[in-house]
Amino acid sequence: MAPSRSSRNSLQSVDLRALDYLTVPSANLLCPICHSPLITPVQTRCLHTFCSACISLSLDRSLSCPVDRKPLSHDDVTPAPIMIANLVNDLPVLCPNRERGCTASCARWLVESHVREDCEYASVKCAKEGCDGMVERREAEGECVHEEVQCEYCEGSVKKVDLESHNRECPKLSSECPHCLQAFANPELAAHMAECPEEIVECSASCYGCSYTSRRSDIESHTSTCHFVALSPVLQLHAERIATLELENKAIRQKLDLLVPPRPLPTPTSSTVTTTASNPMSASSQVSSTTTAGRDMTSEMQDYTFHLYSEYEQLRSDVERLNAQIRELDVKQDMARINEGLRYNDEMTGVRAAINGLRMQLHWLLANRREAGTSSPATSGNAGRAVAGGSANGGEIRRMSDSARQVVKL
Amino acid sequence: MFATKRLQKELHNIQKPLPPGISIASTPDFSNWKMDIQVLDNNPLYADKIYRLNFKFSQAYPIEAPEVTFIKEDGRDIPMHPHIYSNGVICLDLLGSNWSPVQNVESVCMSIQSMLTSNTKNERPPGDDAFVRSGYRSPRNINFVYDDNTV
């Protein structure tokens, strides 16, 4: 390398917004304003993500979030999480010099250095001392193409780099039309070529199958009688319809693929087993499988078996699911029953306790009554006196009065 | 550059099936698109009629709203609506002060479609004659007062 590497760096700037991407990026990584993958992603207070440049342009016009219209100022915009920036910076892009022939693609964060240092098609300064021209890097080694040279026909001065295009237009040069063999000055040649009566052209309905070709001057008479030309509006309409239908079909197929997961294919051995087992017809078809028709039949049968097999699989999974549900229900019911039993048990013990209490009271009352019956009937009068008399016989009084209350209650 | 790139993407997206009643009439370049819209329910005002919308994009699209008007072309008429002047100018806040750069051609078409669907009045805006005679062609020069929230 003759010149130092740095002097060969390209000054070509890369506009990240204009890049084309190698793959279709996820819709989640697109800026809602420019619909391109985010560049320097920022996020707003309301947690929406935009390109830094896009949101600031939008805020210059109206101080609200473009997505939810909440009020927003420039200060509410902060850099988005680094992970998002990394995700978009890693997207593979095509080299911006693709139109000049560069086929390279690289991650987006590398593309600037690719253009600056590596891309063979980036413009760099011409290697010649004192020349200000630009040249593609792969040609920089050669001689300077920006020197003025004289055109040998019209004697005007032309840059070397433009010589080729000049030759096509030089008014002093003439070339021959390849069809009618007449000579035309270069600037007029293109116009003549478009209407040269001697050129062999195809019928205007050639795309619909007409194979007629003739000189341009004679094609008119053919066009007026050609059936294909007469039909071409209809055919074109059909072609357009087919194209739209195909497009629609494609969309529908994509939707279907999303909705129905691909059918599970059983292993070949199991499929043959099921073929013979489930369908006796297929045995005979397998015998004749040497002929193509037989083979077609077998594949049809196999398709059918696959279908049956998948249906069977579906049913089996249904049964399994139902079984599980039943088991679950069983468990639930058991639990409910046990719970209820427990509750009843509790209630029973409660009731039993209450009955016991009642029984005790009854016993006590009966005993009391019996005692009263055996002693003199004046006991009640005694009791009344004892209450009036005070604390002479406290324990007994209390019990007596208690019993009196109880009696009232009963 | 910005506008063209974004419109390229939108054009690519609307090649896929559009919502019912909305279709592309022509997209000759990236500054002017024509879309056809149709009201789908049986609103007697608009039944079986197709209307043509003309979108004009400035270089600042989508930061700036596109100019959207109805046009008379190919036998398409201007729909009757209390917010649509007879020269096709539409009074809709979404296309003026309430424009958001997140909107796109498809969403604008849908907004206008629903604006027509919900209308029951067979009338022009007040002052339609004077407005049309005054010769405004560009909605950008008009300061609408969005006073009516019923439609």
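Since every read-out is calculated from the coordinates, none of them should be taken as a lab result. Treat the numbers as computed from the prediction; the structure is a model and nothing was measured. For neighbour counting, all protein chains shown are included, and Cβ atoms are generated from backbone atoms with ideal geometry for every residue, glycine included.
Overview of values
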| item | result |
| --- | --- |
| Residues listed by number, segment A:65-97, amide nitrogen under 18 Å from A:Ser26 label point at 7 Å toward C-beta | A:80-93 |
| Fully extended contour minus Cα-Cα distance, from B:Ser58 to B:Arg133, at 0.36 nm per residue | 24.4 nm |
| Pairwise label distance in nanometres, A:Thr374 with B:Ser26, each label 7 Å out on the Cα-Cβ vector | 12.7 nm |
| Lysine pairs meeting the criterion (Cα under 19 Å, 8 or more apart or interchain), as found in segment B:2-139 | 12 |
| Partner aspartates and glutamates for A:Lys128 [C-alpha distance under 13 Å; skip if fewer than 8 residues away on the same chain] | A:Glu139, A:Glu141, A:Glu143, A:Glu147 |
| Unit charges at the beta carbon, dipole of segment A:127-251: most positive-side option, A:Ser214, A:Tyr153, A:Ala243 | A:Ala243 |
| Inter-part distance where segment A:331-356 and segment A:100-168 are each reduced to a Cα centre, Å | 97 Å |
| Length released on extending from A:Ser206 to A:Leu235, taking residue separation times 0.36 nm less the Cα-Cα span | 9.2 nm |
| Between 0 and 90°, nearest 10: helix B:105-117 axis offset from chain B longest Cα axis | 20 degrees |
| For segment A:84-89, 3J(HN,Hα) per residue [Karplus equation, 6.51 cos²θ - 1.76 cosθ + 1.60, θ = phi - 60°, Hz, x = Gly/Pro] | 5, 4, 5, 4, 6, 6 |
| Net lengthening on full extension, A:Met335/A:Arg168 (0.36 nm per residue, minus Cα-Cα) | 50.5 nm |
| Whole-Hz couplings from phi, Karplus 6.51/-1.76/1.60, listed for segment A:314-319; x for Gly and Pro | 4, 4, 4, 5, 4, 4 |
| Pair A:Cys154, A:Thr103: separation of 7 Å Cα→Cβ label points (nm) | 3.8 nm |
| Distant-in-sequence amide H partners of A:Ala104 (H built 1.01 Å from N, under 5 Å) | A:Cys95 |
| 0 to 90° range, to nearest 10: angle between helix B:2-14 axis and chain B longest Cα axis | 80 degrees |
| Residue among B:Ser58, B:Gly75, B:Leu116 farthest towards the positive dipole end of chain B, charges placed on Cβ | B:Ser58 |
| For B:Ile24, distant residues with modelled amide H under 5 Å away | B:Asp36 |
| Cβ-placed point charges (K, R +1; D, E -1), dipole of segment A:6-139 about Cα centre in debye, nearest 20 | 180 debye |
| Candidates B:Leu116, B:Leu45, B:Leu92, ranked by Gaussian network fluctuation over chain B, Cα under 10 Å, top entry | B:Leu45 |
| Segment B:9-144: C-alpha gyration tensor shape, a/c 1.5 cut-off, then a/b vs b/c | oblate |
| Charged-residue dipole, Cβ positions (Lys, Arg, Asp, Glu), chain B about Cα centre, Debye nearest 20 | 420 debye |
| Amide proton proximity set for A:Leu173, modelled H, under 5 Å, gap of 5+ | A:Asn186 |
| Using θ = phi - 60° and Karplus 6.51 cos²θ - 1.76 cosθ + 1.60, couplings along segment A:123-137 (whole Hz; Gly, Pro as x) | 7, 10, 6, 4, 5, 6, 4, x, 9, 9, x, 10, 8, 5, 4 |
| Candidate aspartates and glutamates - alpha carbon under 13 Å from A:Lys332, same-chain residues fewer than 8 apart omitted | A:Glu340 |
| Point-charge dipole on Cβ atoms (K/R +1, D/E -1) for segment A:148-198, about Cα centre, debye to 20 | 120 debye |
